[in-house]
Amino acid sequence: MKKRLISKILAVVVTVSMLSGCGSATKQGDANKATKVDGKPVTITFWHGMGGNLGVALNKLVKDFNASQKDIIVTAQFQGDYDAALNKLKSSQVSNSGPDVMQCYDIGTKFMIDSKAVVPVQNFIDNEKYDISSLEPNLLAYYTVDKKLNSMPFNSSTPILYYNKTAFKQAGLDPSTPPKSLTEVESMSKKLLKKDASGKVTQYGYSMPIYAWLFEQFMIKQGQSYANNGNGRTGDATTVEYNKNGGGLTLLNEWKKLVDSGSVGNFGRKTADTQNAFMAGNTAMYLDSTASLSAVLAGVNGKFEVGTGFLPKVSDSDKGGVSIGGASLWIMDNKDTIKQQAAWKFLKFMVSPEEQAYWNANTGYFPVNKKAYELKAVKDNLAKYPQFQTAIDQLHASTPDSRGALLGVFPESRAAVETNIEAMLGGQQSPQQALDKAAKISNSAIDKYNRTNK
Amino acid sequence: MDEIILAKQKITKLQLKKSKTNLKTKLEPYIFLFPSLLLFSLFVYYPFFKTLYMSLGLTNAHGNFQEFIGLQNYVEILTSPDFINSLIVTMKFVVFTTIPSIVIGLLLALLANNKVKGLSISKVMFAVPIAVSSASASIIWGMIFHPSIGMLNTILKTNIGWLLDPQWALLSVSFVTIWMNLGVNFIFIFAGLKNIPEEILESSSIDGASYFKKLFSIIIPMISPTLFFMVFMDIMNAFQSFGQVNILTNGGPGNSTNVLVFSIYREAFFNGRFDTASAQSIILFIVMFIMAMFQFRYEKKGVHYS
Amino acid sequence: MENKKSNLILLISNLVVGILIISPILYALSVTFMTSDQIFTMPPKLLPKSFYFGNYKAVIDTVPIFRFIFNSLVVSIAVTVGQIFTSSLSAYAFSFYEFKGKKFLFMVIIATIMIPGEAIIISNYLTIGSLNLLDTYTGLVLPYLTSAMGIFMMRQFFLTVPKELREASIIDGCTGFQFLTRILMPISRPIIGSLGIYMFLTTWNQYMWPLLITSKPEMRTVQIGMSMLQSAETQSFGMMLAGIIIIIIPSIFIFIMGQKQLIDGMTSGSVKG
């Protein structure tokens, strides 16, 4: 009797799942075959890595698009974080079950270009002579190689300094003047340091997560390149240069000095941990992406006043700007021109002033479209939270030349930098050793990549 | 004569029936094993051989096989200090998690194995960690370990970087793993305890045996099949622990928690190098296989079946 | 007198240890009722100021969590039933039969435990894709309908059952299969219960596999739902822990229900009968 019950359940489950299996299979089939519109809307899939409040905001944008016209329906599907989404993309290409639009992070740019599985956005721009003058030039520059724009920047950010204005006042520092260089950071941190009766630090002056993105930004600030061949943009990079051109050494020396001073905290590699420390008042200054601003303001909830400033220079003489972070939207080449056109329409919508205004107000990423600044939503948001202005000013103060490097093995290269900085801060190796070790790993990875991906 | 023919017919009929049933009995085990073996072939053995194949070549960023290079990947890995580090970290991790998991699981089972009324709630509490996924457990413990807002430092009045200090990170991750294992260990060992016939325990009490004597000469031998199974699974699970490392420490700080399976994940899904990741997987498999061989040898000596 | 005292000690120690074990979850529960500024404060607080439900609301607004719970239920139940079925069959073969290749087959099955999941997951994704089973319950369930752990566990238990029982059943005219279903399985209730609970919860806690196999929001499972609460730029503990609590509740509930089965199975007929 038990056996019969079990087999009944099994039968039901299998039948149910077969039915749903049938349903989805047909839909898949239809989706792949739709070359005629026939009065029915074209459906395209959009894979992204936006979770939390970002995902909610993104879904609203997609909903707006679907409601704004009747020819195209976009289905947005969350595929895990950026790494997981990219891995799924790689696997899906074997079985042709990939998306039509893909959101890929900045450091995956070279991979996407090399994969030859995308249709460069430039094609569509040229075809209809689309006017891109209202889009931020620095953002376009990052995703442009050989005068070809490959993907559409969508959620872009820059690194900024967050600081606790209330703590500044308490320490006798001017709350409207954040430090401009790491030297100033060091002297201010000494004043901001607070300890309790037992000698345990309750407030560090400053902290920066061991995040390789910040390392790259500091290289750009110093006007130094990360890799050769024009940072991988005039030709494929073959080696990294940060360990040879002195930029890395100056930075790491400064970094070590800061942490050794005792007034700078080290909360590890996860930016979220340093962010939590800032919100809890454990550190009075920290570095993070502009995209975290709304979350930081919400987390602080008025406990203290939050200020923002430019990314500090490494040395006072630095003249460089900053590059961007975040992700962009790619049109995948599924050999279906109707879907590609639909994807292009979707991309144009996503960078329109109104949608970018909503996106900016609800996330903290700055608008890709300059026209968004004229809209009330953005103006109101800036009036309410002037801290948002810093990132915008910093972006405009940089030139397109300060765009970051292109590497097919960026994730691995970043991890090498982070692990070795970690070991350096733990006293296990000198700055130059850290740089050389990281470079060795990066170079071997670059070498293998170039060999296997001709 | 007729009777003899009839008798012979009866005998042949019986023999036929017997051989039919004999054949059926002979085939039965294979039939029973068929569903599992089919599923394993498709979803374990086939991918495994694919992995073996990939470990002998070069793959591109998409995971496609490019060219055959023999054992080069293995040489590269076995001479890399990072890989040796991963091996050592993994072995440490296995020891740090398995022994406490079994011991505490046994203690919990013994504690719960009594006739006191109203204790079913405590049995549920002992097993609760089983209901928590490794991701959930890691997020909760990650918060408790946090350097600024973490509860642990506050309660213990310490200032330890549980996940940031290379001295502590592996211990912290092991601790979380042990907590996660408690539920499973408790449930299975408890089930094993419940199967010990009452009479044996009662009669030994009448004979005047102390609790510890009962424990070591009766209880543990009688549940040794369960214990063996549990130790085996704890060790194998330790080798495959991924979620906690991924969320709590990402293999750091300074590779101090970079267990083998995490290194494989990074190599495949982060660095995009399926060839070396496959080679690492094969090596991990061999290590686990050797461990299993040792354990099964011990099974013959130390485990008692009725 | 002696008994009462030792009973009391047992009672208290059981409860204390139990609460100690679940304390992280109780703490998480407490945090879910805190607003962000209460969470990000030094030193951290044990209890919330009041019952703030915003985190739970945020979870429900951000992800279709109830659909995910339903999907996870379907998948977990299917896998559990399938595993009990296939594992008992295979374990039965290993414990009550002698046949050619028995040792080899057992080794080969145990060997599957040692094959790291990460190594084979992509290949299985491609296999399921080629069977056109992406985004289906079948695809989610199929590779997990059997496991070496289940087979191993049942085999361990079956080995403790005396062979005389089987011989007696043969005399009574039972076929092999009938012995399994009519006699062996009923006395294995505790082990089946343990295995069932374990398999259910393991499947409930899967992340990587459902993430690969499903893309449509309607087909996703709870752990993916939880990862959807995390964003790249921040870590909102309140909402994340609320999501965790929401998905722990069904699993604890199932566990309590399964526990009853376990206890019933243990106190009803067993080998000693």
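From the residues in segment B:274-306 that are buried (at least 24 other Cβ atoms within 10 Å of the Cβ) and at the interface with another protein chain (Cβ under 7 Å from one of its Cβ atoms), which one is nearest to the chain's Cα centre (by Cα)? Walk me through how you get there before you give the answer.
Kept after step one, since they are buried (at least 24 other Cβ atoms within 10 Å of the Cβ), are these residues of segment B:274-306: B:274-281, B:284.
Subsequent filtering for residues that are at the interface with another protein chain (Cβ under 7 Å from one of its Cβ atoms) retains B:278, B:281, B:284.
Working: B:SER278: 21, B:SER281: 17, B:LEU284: 14 Å.
That would be B:LEU284.
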If we ask which residues in segment B:188-211 are within 11 Å of chain C (Cβ to nearest Cβ) and not in a helix (DSSP H, G or I), their number turns out to be 3
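Checking the conditions here, which among A:LEU89, A:LEU54 is under 20 Å from C:ARG220 (Cα atoms), crowded, with 17+ Cβ neighbours inside 10 Å, modelled with pLDDT of 90 or more and within 12 Å of chain C (Cβ to nearest Cβ)?
Numbers: A:LEU54 fails: modelled with pLDDT of 90 or more.
Within the list A:LEU89, A:LEU54, the selection yields A:LEU89.
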Restricted to segment A:125-136 and to residues being touching a residue at least 12 places away in the same chain (Cβ under 8 Å) and assigned to a loop (DSSP other than H, G, I, E, B), the residue nearest to the other protein chains (Cβ to nearest Cβ) is A:GLU136
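In segment C:104-147, what residues are hydroxyl-bearing (Ser, Thr, Tyr), at the interface with chain A (Cβ under 9 Å from one of its Cβ atoms) and in contact (Cβ under 8 Å) with a residue 60 or more places away in the chain? Give the steps one after another, and end with the answer.
Going residue by residue through segment C:104-147, those that are hydroxyl-bearing (Ser, Thr, Tyr) are C:112, C:123, C:125, C:127, C:130, C:136-138, C:144, C:146-147.
Checking which are at the interface with chain A (Cβ under 9 Å from one of its Cβ atoms) leaves us with C:125, C:130, C:136-138.
The answer is C:TYR125, C:THR136, C:TYR137.
Taking A:ALA171, is it surrounded by fewer than 22 Cβ atoms within 10 Å (Cβ to Cβ), outside the structural domain of A:SER315 (by TED's automatic domain parsing) and hydrophobic (A, V, I, L, M, F, W, C)? Can you show your working first?
Working: surrounded by fewer than 22 Cβ atoms within 10 Å (Cβ to Cβ): yes; outside the structural domain of A:SER315 (by TED's automatic domain parsing): no; hydrophobic (A, V, I, L, M, F, W, C): yes.
Here the answer is no, as A:ALA171 does not meet what is asked.
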- Message: Just to be sure before I move on: is B:ILE178 modelled with pLDDT under 90, assigned to a helix (DSSP H, G or I) and more than 13 Å from chain A (Cβ to nearest Cβ) in the structure I sent?
- Response: no
Scanning segment A:408-454 for residues that are within 15 Å of A:MET219 (Cβ to Cβ) and among the charged types (D, E, K, R) gives A:ARG414, A:GLU418
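May I ask you to verify whether A:ALA372 is surrounded by 24 or more Cβ atoms within 10 Å (Cβ to Cβ), more than 19 Å from the chain's Cα centre (by Cα) and of a type outside the set (S, T, N, Q)?
Values: surrounded by 24 or more Cβ atoms within 10 Å (Cβ to Cβ): yes; more than 19 Å from the chain's Cα centre (by Cα): yes; of a type outside the set (S, T, N, Q): yes.
When the stated conditions are applied, A:ALA372 passes them.
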The condition from (1) without any contact (Cβ under 8 Å) to a residue 12 or more places away in the chain; (2) in the same structural domain as C:ILE252 (by TED's automatic domain parsing) that C:PHE68 misses is numbered (1)
Flagged pairs (Cβ under 8 angstrom, 6 or more apart or on separate chains; first in segment B:182-205, in the same structural domain as B:PHE96 (by TED's automatic domain parsing); second in a helix (DSSP H, G or I) and of a type in the set (Asp, Glu)) are B:ASN185/B:ASP234
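Quick one: how many residues across segment C:119-147 are of a type outside the set (Asp, Glu) and not in a helix (DSSP H, G or I)?
Of all residues in segment C:119-147, those of a type outside the set (Asp, Glu) come to C:119-134, C:136-147.
Imposing the further condition that a residue be not in a helix (DSSP H, G or I) reduces the set to C:131-134, C:136, C:145-147.
Of the residues in segment C:119-147, 8 are of a type outside the set (Asp, Glu) and not in a helix (DSSP H, G or I).
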Checked C:GLY150, C:GLY196 against criteria (modelled with pLDDT of 85 or more, more than 24 Å from C:LYS102 (Cα to Cα) and either in a helix (DSSP H, G or I) or among the hydroxyl-bearing types (Ser, Thr, Tyr) (or both)); the one match is C:GLY196
Residue pairs within 9 Å by beta carbon, gap of at least six or interchain, first lying in segment A:218-234 and farther than 16 Å from A:ASP447 by Cα, second of a type in the set (Lys, Arg) and not in a loop (DSSP other than H, G, I, E, B), listed first then second, are A:PHE218/A:LYS313; A:LYS221/A:LYS313; A:GLN222/A:LYS313
The condition from (1) among the charged types (D, E, K, R); (2) more than 7 Å from every other protein chain (Cβ to nearest Cβ); (3) in a helix (DSSP H, G or I) that C:LYS45 misses is numbered (3)
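Please go through segment A:145-183 and give me each residue that is in contact with a strand residue (DSSP E or B) (Cβ under 8 Å, 6 or more places away or on another chain) and part of a helix (DSSP H, G or I), ordered by number. Steps first, answer last, please.
Within segment A:145-183, the first condition is being in contact with a strand residue (DSSP E or B) (Cβ under 8 Å, 6 or more places away or on another chain), and the residues that meet it are A:150-165, A:167-168, A:175-176, A:178-182.
Passing the criteria: A:LYS165, A:ALA167, A:PHE168, A:LEU182.
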A:GLN122 meets each of (1) without any contact (Cβ under 8 Å) to a residue 40 or more places away in the chain; (2) surrounded by 20 or more Cβ atoms within 10 Å (Cβ to Cβ); (3) touching a Leu at 6+ places or on another chain (Cβ under 6 Å) with one exception, condition (2)
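Does C:SER215 satisfy the condition of being facing another protein chain (nearest Cβ under 8 Å), modelled with pLDDT under 80, surrounded by fewer than 24 Cβ atoms within 10 Å (Cβ to Cβ) and not in a helix (DSSP H, G or I)? Steps first, answer last, please.
On the way: facing another protein chain (nearest Cβ under 8 Å): yes; modelled with pLDDT under 80: no; surrounded by fewer than 24 Cβ atoms within 10 Å (Cβ to Cβ): yes; not in a helix (DSSP H, G or I): yes.
The answer is no for C:SER215.
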Result of the Cβ filter at 9 Å on segment A:182-198, keeping first residues that are closer than 15 Å to A:GLY172 by Cα and partners that are of a type in the set (A, V, I, L, M) and in a helix (DSSP H, G or I), at least 6 apart or interchain, is A:VAL185/A:LEU258; A:SER189/A:LEU258; A:LEU192/A:ALA167; A:LYS194/A:ALA167
Condition set closer than 25 Å to A:VAL145 by Cα, of a type in the set (D, E, K, R) and surrounded by 22 or more Cβ atoms within 10 Å (Cβ to Cβ), scope segment A:398-447, selection farthest from the other protein chains (Cβ to nearest Cβ): answer is A:ARG403
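The values are calculated or read from the model by the stated rules, or taken from the named source; none is laboratory data. Because the structure is a prediction, the values reported are computed rather than measured. Cβ: placed from backbone, ideal geometry, glycine included. Neighbour counts: every protein chain shown.
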